[in-house]
Every structure is written in C-alpha cells, then in structure tokens.
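First the structure, in the form of structure tokens, and then the observations on it.
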Amino acid sequence: MAASSSSTSCSFLVLLAAPSAAAAAVSGGSAHRHLTAGFTRVRLKESQFVVQKPYDVPLRDRYKESGGVRIMWVFSTDKPISNTHPGGARTEIKVNEIYSSGVWQFEGDMFVPSGTSGASVMQIFGAATHATTLMLHVYDGQLTYYHDLSRVVAERVYDRWIRLNVVHDVGAGKVTVFVDGERKLNATGQGGTAHYFKFGVYKQSHHQPSHRMESHWKNVAVYTKNK
C-alpha cells in the first residue's frame with residue numbers, strides 16, 4: 001500500500017507541475033513576441049557573421065559550432081586579431097550589418113561557463129568619442145554595464161541560458177537591455193555615424209580577468225524598424 005500511495009502522490013505532483021512549465025514556456029514566447037513586435041527581422045547571410053580571433057592560431061582552436069550553438073573562447077595571454085591591431089585578446093563575431101539611423105535590435109541566447117570573468121560578451125560598436133556605444137561584461141557571474149560593478153544588468157549568469165535583447169534607438173540616443181524579457185538597463189547612446197553588433201568574448205583589463213574566457217550563443221538575430 002505504501003508504494004502505491006507514493007506512486008500516486010508522485011503522479012499527482014507531475015500533473016500539478018506540467019501546467020506551470022507550459023505557462024512558463026508560453027510566457028517566454030510572449031516576451032519574445034512583445035520585444036520584437038513592430039520590428040522586421042534582417043535576413044543575414046552566414047558570411048555576415050565574421051569571426052575575429054587571435055591572428056596566430058587557427059580558427060578551430062578558438063571557435064566551433066555544434067547543434068546550432070556558436071562556441072567561442074580566448075585566453076588572457078592571446079594575441080589580438082592582427083599584428084597591427086591595438087585591441088586585446090578576443091574571439092568575437094562581428095555581425096556585418098552596419099547601420100547609422102533607425103531603431104535596431106539584437107537578440108540571442110547566451111551561455112557563460114562558470115569561471116569566465118573580465119570579458120565583454122556583447123557590444124554595440126561605434127560611437128562619437130570612443131569605440132563603442134554599449135558593452136556588456138561578465139565579472140564573477142554578474143553581467144554588468146561596461147566594467148561598472150555598481151550597474152549590474154543580471155545576476156548569476158553562469159551555467160544557464162539567458163535570452164538577451166538589446167535595442168538601440170540611434171536618433172533618440174537610447175540603448176535598452178532586456179534579460180529573459182525583462183527590462184534591465186536603460187543607457188544613453190554615444191553618438192557616432194556607423195554601428196554594428198558583436199558577441200563572443202573579449203578580454204578586459206579590469207577586475208582581474210580569468211585566464212580562460214568563453215561564451216556560447218544560439219538563435220542570434222537582428223531586427224530593425226524606421227521611426
């Protein structure tokens with residue numbers, strides 16, 4: 001009798017949990033549709049996903065694709081992307097779709113393995129006075145606005161998939177970041193006449209970067225609309 005009762009209880013708990021899981025899935029889908037409503041998806045070719053990696057190692061040693069997931073890693077001692085480039089070590093993808101006006105949105109699912117710290121994982125390139133309009137860094141499991149540890153965009157980002165949506169309103173000079181459908185950051189634009197999105201891992205010199213930095217990405221898309 002005890003075994004039968006336990007089995008019945010477990011079945012009942014599974015039935016209770018199933019609607020909750022389904023509701024969560026619907027909620028996530030609704031958030032995605034809400035954030036991209038009114039936008040048009042840009043038809044990107046694979047050739048527009050340009051991998052930038054240390055110049056002295058083959059691509060396979062810093063990048064791979066598996067099951068629709070792009071995996072990028074870099075070491076803090078790696079060389080830059082060319083022997084004349086002043087930037088630091090990185091394995092990043094430049095989305096080669098350049099824009100100068102309108103409203104643009106980046107979307108992607110990101111996974112950062114535990115231990116990665118001191119790396120930019122996503123950026124909007126192009127600004128009036130310096131290189132970028134936005135950078136999102138990872139430090140000890142926190143996603144931050146640039147290297148400002150007081151401006152935390154998301155907590156506990158290690159070892160789980162999160163959906164990242166970044167909206168750049170060029171004319172209004174506004175950047176908005178959503179994590180799993182929830183607005184997490186409002187920031188001002190940085191001017192500039194040409195922009196594009198980048199994602200991957202790019203070593204930063206702040207807060208003691210880890211020796212190895214890695215991020216995984218899937219379902220990356222770019223959207224746009226004109227005001």
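The values are calculated or read from the model by the stated rules, or taken from the named source; none is laboratory data. Quantities reported herein were computed from a predicted structural model and do not represent experimental measurements. Backbone-built Cβ (ideal geometry, glycine too); neighbour counts: all protein chains shown. The area values use the complete protein model at the heavy-atom level, side chains included, leaving out ligands, DNA and RNA. Shrake-Rupley method; radii C 1.70, N 1.55, O 1.52, S 1.80 Å.
Filtering segment 120-142 for residues that are closer than 15 Å to residue 196 by Cα and charged (D, E, K, R) leaves an empty set.
Looking only at residues of segment 52-65 that are under 18 Å from residue 111 (Cβ atoms) and crowded, with 17+ Cβ neighbours inside 10 Å, we find that the one that is farthest from the chain's Cα centre (by Cα) is 62.
Taking segment 57-99 as the range and being in contact with a His (Cβ under 7 Å, 6 or more places away or on another chain) and either on the phi > 0 side of the Ramachandran plot or among the small types (Gly, Ala, Ser) (or both) as the test, only 76 passes.
Hey, among the residues in segment 66-88 that are within 18 Å of the chain's Cα centre (by Cα) and surrounded by 13 or more Cβ atoms within 10 Å (Cβ to Cβ), which one's farthest from residue 217 (Cα to Cα)? Applying the filter and picking the extreme gives 74.
Scanning segment 189-216 for residues that are of a type in the set (Ser, Thr, Tyr) and exposed (fewer than 15 other Cβ atoms within 10 Å of the Cβ) yields 193, 205. Screening residue 131 with (1) at pLDDT below 95; (2) out of contact with any Gly (no Cβ under 8 Å at 6 or more places or on another chain); (3) open to solvent by 60 Å² or more (accessible area, probe 1.4 Å) gives one miss only, at (3). The residue that is most open to solvent (accessible area, probe 1.4 Å), among those in segment 149-164 that are charged (D, E, K, R) and free of Cβ contacts under 8 Å to residues at least 40 places away in the same chain, is 156. Within the option set 186, 219, being more than 16 Å from residue 137 (Cα to Cα), open to solvent by 20 Å² or more (accessible area, probe 1.4 Å) and at pLDDT 95 or above holds for one residue only, 219.
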